[in-house]
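Below: the structure, in structure tokens.
Each reported figure results from applying straightforward, stated rules to the coordinates on display, with no laboratory input. Because the structure is a prediction, the values reported are computed rather than measured. Note that we place each Cβ from the backbone using ideal geometry, even for glycine, and neighbour counts take in every protein chain shown.
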Amino acid sequence: MGGGSREHALAHTLHREGAAVFVAPGNAGTGAFARNLPIAVSDASALVAAAREHAIDLVVVGPEGPLVAGLADVLREAGIATFGPSGAAARLEASKIFMKEFLARHAIPTAGFAAFDDAEAAVAHLRLVGRPLVVKADGLAAGKGVVVPKSVDEACEAVVSFMRDRLHGEAGARIVLEEFLPGEEASFHVLCDGSRYVALPAAQDHKRVRDNDEGPNTGGMGAYAPAPVITEAVKAKVLANVVEPTLRGMAAEGNPFRGVLFVGLMIEDGEPRVLEFNVRFGDPETCVLMPIYEGHWRTLLMGAATGSLPAELPEPRAVHALGVVLAADGYPEKVITGDAIDGLDANVDHVIVHHAGTREEAGKVLTSGGRVLCVAAEGATLEEARDRAYARVETVRFRGEHHRTDIGARALGTLPQA
Ligand code: AMP
Ligand code: GLY
């Protein structure tokens with residue numbers, strides 16, 4: 001369920017593994033190999049009816065919105081095997097305040113924070129502390145509810161825009177102010193079946209819209225995996241200090257976690273700290289994680305859904321994968337859509353053009369969202385994956401298209417000198 005490049009990657013992988021795949025609602029890309037069902041992910045009763053009608057063995061819920069609304073509970077109550085956490089467990093993503101208080105209760109490393117439901121008190125706190133604390137809307141805001149300000153004044157403006165002007169609606173009625181964490185980010189995905197877990201190789205996303213990590217935050221402009229920032233030593237710390245206490249804590253509080261826990265980490269001097277939890281796969285991270293365990297996803301997703309995860313992951317394929325997001329004019333601010341996309345038809349070995357914000361009209365594929373495509377390639381090395389992905393990016397065109405040219409630069413050692 002869903003319609004982004006994450007769902008394209010999941011659906012395409014399951015299709016290649018031999019499953020008959022239905023996608024609700026899907027996009028122009030998923031329609032080429034799967035059957036799109038015109039049902040919104042918010043329409044739980046229509047989704048249950050469709051799952052019954054098509055005798056669906058496994059539902060994989062892509063985005064956080066329906067999970068937070070309790071879709072996995074509804075599907076499971078209807079007897080349908082479902083990959084995704086309960087609404088109660090999805091609070092790890094739905095409320096930053098719940099998440100930060102959970103981390104504090106279980107002594108899990110993260111940035112220091114304070115929560116506010118009053119703009120004046122938040123502004124007074126910022127003035128008192130005298131540092132530009134990171135401002136986060138409590139609720140879901142499609143990756144746009146976080147401002148990392150350069151000054152106290154900018155932080156205060158963000159507080160006012162969230163709390164008083166309701167830039168993100170009720171999601172910003174309460175906020176978290178937290179300490180800025182320096183370091184390098186990583187996306188760490190863990191499949192969980194309620195008691196057991198297996199950890200996937202780390203991926204790295206690129207959150208800012210422009211090269212060299214400039215411009216505003218986005219949902220993610222490109223990713224690669226495996227990400228070398230998570231060494232074996234860091235991974236051991238992430239598992240012992242973050243993943244295990246989180247899964248134990250959730251179970252102890254009556255909300256065992258089933259599905260994929262995506263831990264957003266900041267790594268500084270080998271020490272991991274939690275930036276955020278997501279209760280679903282990352283987008284675009286999924287496009288670069290799927291190839292590593294291609295051939296095993298049906299078993300893994302079904303195992304997580306039904307409490308029967310294997311004790312260990314199968315041997316990973318020895319591949320590197322890298323994906324570049326092609327965004328629409330104006331993204332992540334005022335997005336302009338409806339432009340025709342050229343260059344989609346070619347089939348290039350080792351490359352998949354994942355669709356995200358696309359739709360089909362009179363035989364043409366048009367842009368229909370901020371992030372339009374994710375062009376992902378695999379290779380024996382990260383360089384090879386990058387070169388294949390960017391070669392394909394050059395052949396796709398639409399008005400206003402923009403993308404980052406430096407995906408993978410941290411791992412490839414090609415960052416510009418400061
Ligand atoms: P979040 O949704 O909480 O992960 O925040 C979105 C992005 O903002 C993260 O991926 C980071 O790039 C950045 N960010 C969030 N919190 C912090 C922090 N405390 N220090 C530095 N950067 C942060
Ligand atoms: N790419 C980050 C996310 O999916 O939240």
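Using only the Cα atoms, work out Rg/Rh for segment 209-285, with Rh taken as the Kirkwood radius, to two decimals. Provide the component values of the computation, followed by the final result.
Values: Rg = 14.3 Å, Rh = 14.2 Å.
Ratio of gyration radius to Kirkwood radius for segment 209-285: 1.00.
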ask   = Sorted from largest down, what three extents in whole angstroms do the Cα atoms of segment 194-240 have along their principal axes?
value = 39, 25, 16
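If Rh is defined by the Kirkwood formula over all Cα pairs and Rg also comes from Cα, what ratio Rg/Rh do you get for segment 370-418?
Working: Rg = 12.1 Å, Rh = 12.1 Å.
My calculation puts Rg/Rh at 1.00.
Which values, in whole Å and largest first, are the semi-axes of the equivalent ellipsoid of segment 1-53 obtained as the square root of 5 times each eigenvalue of the Cα gyration tensor?
Details: eigenvalues 65, 30, 14 Å².
So the three semi-axes of segment 1-53 are 18, 12, 8 Å.
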request  = Arrange the peptides 14-23, 218-227, 199-208, 59-68 so that the one whose residues have, on average, the most other Cβ atoms within 10 Å appears first.
outcome  = 218-227, 59-68, 199-208, 14-23
note = Taking max minus min of the Cα coordinates of segment 74-230 on each principal axis, largest first, gives extents in Å of 50, 38, 29
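Pairwise over distinct Cα atoms, reciprocal of the mean inverse distance: report the Kirkwood radius of segment 13-95 in Å, one decimal place.
On the way: mean 1/r = 0.0759 Å⁻¹.
Hydrodynamic radius (Kirkwood, Cα only) of segment 13-95 equals 13.2 Å.
One quarter of the convex hull surface, Cα atoms only: what value does that give for segment 36-167 in nm²?
Working: hull surface 41.0 nm².
With every direction weighted equally, the projected area is 10.2 nm².
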Selected from ASN255, ASN347, ASN36 as most flexible by GNM, with the chain as the system and alpha-carbon contacts under 10 Å = ASN347
query = Cα extents of the chain along the three principal axes, largest first, in whole Å?
reply = 58, 46, 42
ask   = In the structure shown, do any of LYS136/LYS237; LYS96/LYS364; LYS235/LYS334 have a Cα-Cα gap over 31 Å, and if so which?
value = LYS96/LYS364; LYS235/LYS334
ask   = Taking the radius of gyration and the Kirkwood hydrodynamic radius from Cα positions alone, what is the Rg/Rh ratio for segment 161-259, to two decimal places?
value = 1.04
key: Per-q log10 I(q)/I(0), segment 233-347, q = 0.09, 0.17, 0.21 Å⁻¹ (Debye; single scatterer per alpha-carbon; no solvent)   = -0.38, -1.11, -1.37
task = Note down the Stokes-Einstein diffusion coefficient of segment 277-418 in µm²/s, whole number, using a Kirkwood radius over alpha carbon pairs, 37 °C, and 0.692 mPa s.
result = 196
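Just to verify a number: FRET efficiency for THR405 and ALA346, C-beta to C-beta distance, R0 = 22 Å, to 0.05?
For THR405 and ALA346, the calculated efficiency is 0.60.
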inquiry  = Calculate log10 I(q)/I(0) of segment 123-182 for q = 0.14, 0.17, 0.22 Å⁻¹, where I(q) comes from the Debye formula with a single equal point scatterer on each Cα and nothing for solvent.
reply    = -0.32, -0.47, -0.77
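Order these peptides, 103-112, 355-364, 274-283, by their mean beta-carbon neighbour count within 10 angstrom, highest first.
On the way: 103-112: 15.8, 355-364: 17.5, 274-283: 23.9.
With the highest mean Cβ count within 10 Å placed first, the list reads 274-283, 355-364, 103-112.
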remark   = Largest fluctuation, GLY29, GLY307, GLY408 only, Gaussian network model of the chain with Cα springs under 10 angstrom, belongs to GLY307
